[in-house]
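Before any comments, here is the structure.
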Amino acid sequence: MTTARAAPDPASPSLQRAILTASSLAVIVVMLNVSIVNPSLPTLGRVFGVGPHDVPWVANVYNIVFAAMLLAGGLLGDRFGFRRVLLAGLTLGVVGAIISALAPSFGVLLAGRALQGLSSAVIQPATLVLLTLAFTDGAARARAIGLWAGVSGLGIAVGPLLGGTIIDTLGSAAVFWTVAVAALGTLLFTALRTRELALPRPRPIDFPGLLLAVTALATLAYGLSQGNVLGWNSVPVLGCVGTALLASALFLAVEARSPHPLVDLTLFRNRAFTTANVGSLLASFGPFGLLVFITLFLQGTEHYSATRAGIITALFPIGIGVASPLGGRLISQIGVRGVGAGGLALIGVGLLLVLSLRLGASPLILAAEFLVMGVGTGFANSALTTATVGSAPAAQASQASSILSAMRQMGVALGIAAWGALIARSGDGSVGFLTGLHSATLVIGLVVLVGAAGVWAGLSSHAVPSAAQPVTEGT
């Protein structure tokens, strides 16, 4: 399948810089929607009078809508233009953040968070496609994507520290006002400094495929998020997982026969494309799930303050921020195979190092382990993103980026579910929690290391040309 689109005008160096800046600022807004809000969950629970089983929905509803609507976000860009869609997504983000800040009830807060999730689903694929259109040279594109991935780590790093400070001084509503201001500033910059690089030509929308994709992603994300709350054998969880599997099977059948499919399944015939997407899922599966539970361990078991725990976990996104641009430069020298597989291997090693964690252990040890995982994630994200967009035809860049974003988001959901399930098997109390943390670390760390070997094998004969040369129609 080929998306009908006029050939993009060449982007001048100044326009390239503007698009890189706008895309980077927009992805920071996406990351802040997660990282700055999570530290406020206990406070929000007290403000709205909800219990510990309900308040996580402030994060869950955002993640579920984000994951479910990612493919639709790419489709909108194809139809209306990615700059326009980015502007629309940022506008939704401002509105959603304001609704959350002014929410008079918990239900209204969840509605605002759902709107923020929709905003992120529209923003994230649009930023990556804009970079792909602006930077047509393969090496320059790899460097731009590396910088884009690096600043996303900045949003993750700043969020916990900034969120904790804001909550302590200004209250939980100010967290959402901060996101609103960041989204508004990015919206104004994008509107004033960028332009469309390709003119869209409307194509038929695959409504059956879109409905099935949203159903599959939403029910799977919901089922995984509720497994440890309702029980993995409960009717709602099993029903959601079963619905997700059925919707996925129907989706594949519909897409294989559709003249204008939402997802061109032939993309997955390319070994490099499939390998890079699975590798990206694993890169999110390991460390992002750990972040949730290590924060509970530090604050609940070790009795760290939110600020102190935030400083330790901030080493992870700092590692991402440092390694992502470096990974973009390394790709032109050793190819995405070495950088991608090496990054996943570092994530696996960093996870296994957590086996050394003990009650009362020095926080410096844990900080160093998070730094290793952050560096690995930065390398992996930079290389695997480049491999994904480099192995897809230019006309299908939006599909490739949407699929990649969906895989990463599902990796986060799967990771949180896997960590939670493995930790819960070891019982309650500090010792039980730590034992479960060690068990989960061992299993998930080994899975990621196996994934690193798979990336090395899967990208062996495809990766270097895709990363080093421009992506042209029909490649």
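Can you work out which of the residues in segment 215-249 that are surrounded by fewer than 17 Cβ atoms within 10 Å (Cβ to Cβ) and among the aliphatic types (A, V, I, L, M) is modelled with the lowest pLDDT?
VAL229
Farther than 30 Å from PHE207 by Cβ and surrounded by 19 or more Cβ atoms within 10 Å (Cβ to Cβ): does that describe LEU346?
Values: farther than 30 Å from PHE207 by Cβ: yes; surrounded by 19 or more Cβ atoms within 10 Å (Cβ to Cβ): yes.
For LEU346, the condition - farther than 30 Å from PHE207 by Cβ and surrounded by 19 or more Cβ atoms within 10 Å (Cβ to Cβ) - is met.
Only one of these conditions is not met by LEU217: (1) within 24 Å of the chain's Cα centre (by Cα); (2) assigned to a loop (DSSP other than H, G, I, E, B). Which number is it?
Going through (1) within 24 Å of the chain's Cα centre (by Cα); (2) assigned to a loop (DSSP other than H, G, I, E, B) one by one, LEU217 breaks only (2).
Within segment 43-100, which residues are among the charged types (D, E, K, R) and either out of contact with any strand residue (DSSP E or B) (no Cβ under 8 Å at 6 or more places or on another chain) or more than 30 Å from HIS260 (Cα to Cα) (or both)?
The initial filter retains those residues of segment 43-100 that are among the charged types (D, E, K, R), namely 46, 54, 78-79, 83-84.
Listed by number, the residues that qualify are ARG46, ASP54, ARG83, ARG84.
Quick check on segment 434-452: of everything there that is hydrophobic (A, V, I, L, M, F, W, C) and at pLDDT below 90, which residue is farthest from LEU281 (Cα to Cα)? Please lay out each step first, then the result.
Step one: of segment 434-452, the residues hydrophobic (A, V, I, L, M, F, W, C) are 434, 437, 440, 442-444, 446-450, 452.
Narrowing further to those that are at pLDDT below 90: 434, 437, 440.
On the way: LEU434: 26, LEU437: 21, ALA440: 17 Å.
Among those that are hydrophobic (A, V, I, L, M, F, W, C) and at pLDDT below 90, it is LEU434.
Considering each of SER391, SER362, SER402 in turn, give the residue that is surrounded by fewer than 24 Cβ atoms within 10 Å (Cβ to Cβ) and of a type in the set (S, T, N, Q). Full working, then the answer.
On the way: SER391 fails: surrounded by fewer than 24 Cβ atoms within 10 Å (Cβ to Cβ); SER402 fails: surrounded by fewer than 24 Cβ atoms within 10 Å (Cβ to Cβ).
Within the list SER391, SER362, SER402, the selection yields SER362.
For segment 112-126, indicate whether the set of residues that are of a type in the set (Val, Ile, Thr) and closer than 19 Å to ILE28 by Cβ is non-empty. Show your work before the answer.
To start, the set of residues in segment 112-126 that are of a type in the set (Val, Ile, Thr) comprises 122-123.
Checking the rest, the ones that are also closer than 19 Å to ILE28 by Cβ come to 122-123.
Checked segment 112-126: at least one residue is of a type in the set (Val, Ile, Thr) and closer than 19 Å to ILE28 by Cβ.
Name the pairs: first residue in segment 258-275 and under 10 Å from ILE403 (Cα atoms), second residue charged (D, E, K, R) and modelled with pLDDT of 85 or more, Cβ to Cβ under 6 Å, at least 6 apart or on different chains?
Filtered contacts from segment 258-275: VAL263/GLU255.
For the structure I just gave you, tell me whether ASP54 is in the same structural domain as LEU188 (by TED's automatic domain parsing), buried (at least 19 other Cβ atoms within 10 Å of the Cβ), of a type in the set (Asp, Glu) and at pLDDT below 80.
Working: in the same structural domain as LEU188 (by TED's automatic domain parsing): yes; buried (at least 19 other Cβ atoms within 10 Å of the Cβ): no; of a type in the set (Asp, Glu): yes; at pLDDT below 80: yes.
So ASP54 does not fit the description; no.
Are there any pairs with C-beta distances below 6 angstrom linking a residue in segment 429-449 that is in contact (Cβ under 8 Å) with a residue 24 or more places away in the chain to a residue that is outside any helix (DSSP H, G or I), with the two at least 6 apart or on different chains, and if so which?
Correct list of pairs: ILE444/GLY286; VAL448/GLY286.
Select from segment 258-283 the residues that are polar (S, T, N, Q) and buried (at least 24 other Cβ atoms within 10 Å of the Cβ) and write down the one among them that is nearest to the chain's Cα centre (by Cα). Don't jump to the end; show me each part of the working.
To start, the set of residues in segment 258-283 that are polar (S, T, N, Q) comprises 258, 266, 270, 274-275, 277, 280.
Okay, now just the ones that are also buried (at least 24 other Cβ atoms within 10 Å of the Cβ), so 275, 280.
Details: THR275: 17, SER280: 9 Å.
Of everything passing the filter in segment 258-283, SER280 is nearest to the chain's Cα centre (by Cα).
Could you count how many residues in segment 8-47 are within 21 Å of ILE167 (Cβ to Cβ) and modelled with pLDDT under 90?
Narrowing segment 8-47 to residues within 21 Å of ILE167 (Cβ to Cβ): 28-47.
Subsequent filtering for residues that are modelled with pLDDT under 90 retains 31-47.
Of the residues in segment 8-47, 17 are within 21 Å of ILE167 (Cβ to Cβ) and modelled with pLDDT under 90.
Looking only at segment 412-446, which residues are surrounded by 24 or more Cβ atoms within 10 Å (Cβ to Cβ) and among the small types (Gly, Ala, Ser)?
ALA413, GLY415, ALA440
Please find, among PRO259, PRO236, the residue that is outside any helix (DSSP H, G or I) and either farther than 27 Å from VAL30 by Cα or assigned by TED's automatic domain parsing to the domain that holds ALA387 (or both). Before you say what the answer is, go through the steps one by one.
Numbers: PRO236 fails: outside any helix (DSSP H, G or I).
Selected residue: PRO259, the only one of PRO259, PRO236 that is outside any helix (DSSP H, G or I) and either farther than 27 Å from VAL30 by Cα or assigned by TED's automatic domain parsing to the domain that holds ALA387 (or both).
Quick one: THR301 ticks every box in (1) at pLDDT 85 or above; (2) farther than 23 Å from GLY150 by Cα except a single one, so which number is it?
Tallying (1) at pLDDT 85 or above; (2) farther than 23 Å from GLY150 by Cα, THR301 fails exactly one: (1).
Considering each of LEU184, LEU212, LEU188 in turn, give the residue that is surrounded by fewer than 24 Cβ atoms within 10 Å (Cβ to Cβ), more than 30 Å from ALA18 (Cβ to Cβ) and modelled with pLDDT of 85 or more.
Numbers: LEU184 fails: more than 30 Å from ALA18 (Cβ to Cβ); LEU188 fails: more than 30 Å from ALA18 (Cβ to Cβ).
Result: LEU212 is the single residue among LEU184, LEU212, LEU188 that is surrounded by fewer than 24 Cβ atoms within 10 Å (Cβ to Cβ), more than 30 Å from ALA18 (Cβ to Cβ) and modelled with pLDDT of 85 or more.
Enumerate the pairs (first residue in segment 36-65 and free of Cβ contacts under 8 Å to residues at least 40 places away in the same chain; second residue anywhere and part of a loop (DSSP other than H, G, I, E, B)) with beta-carbon separation below 6 Å, excluding pairs fewer than 6 apart on the same chain, so at least 6 apart or on different chains.
LEU41/VAL55; GLY45/VAL55
Which residue, of GLY350, GLY340, is within 19 Å of the chain's Cα centre (by Cα) and at pLDDT 85 or above?
On the way: GLY350 fails: within 19 Å of the chain's Cα centre (by Cα).
On inspection, the qualifying residue turns out to be GLY340.
Check off (1) touching a helix residue (DSSP H, G or I) at 6+ places or on another chain (Cβ under 7 Å); (2) surrounded by fewer than 24 Cβ atoms within 10 Å (Cβ to Cβ); (3) not charged (D, E, K, R) for VAL375 and give me the number that stays unchecked.
(2)
Looking at segment 35-113, what helices (runs of 4 or more DSSP H) fall wholly within it and have at least 1 residues that are of a type in the set (A, V, I, L, M), over 20 Å from the mean Cα position of the chain (by Cα) and within 30 Å of LEU197 (Cβ to Cβ)?
Values: elements: 41-48, 57-80, 82-102.
Answer list for segment 35-113: 82-102.
Collect the residues in segment 313-333 that are out of contact with any Gly (no Cβ under 9 Å at 6 or more places or on another chain) and at pLDDT 80 or above, keeping them in residue-number order.
Of everything in segment 313-333, just one residue is out of contact with any Gly (no Cβ under 9 Å at 6 or more places or on another chain) and at pLDDT 80 or above, namely GLN333.
The values are calculated or read from the model by the stated rules, or taken from the named source; none is laboratory data. As the structure is a prediction and not an experimental result, all values here were calculated from the model. Here Cβ is always computed from backbone atoms with ideal geometry, including for glycine, and neighbour counts include all displayed protein chains.
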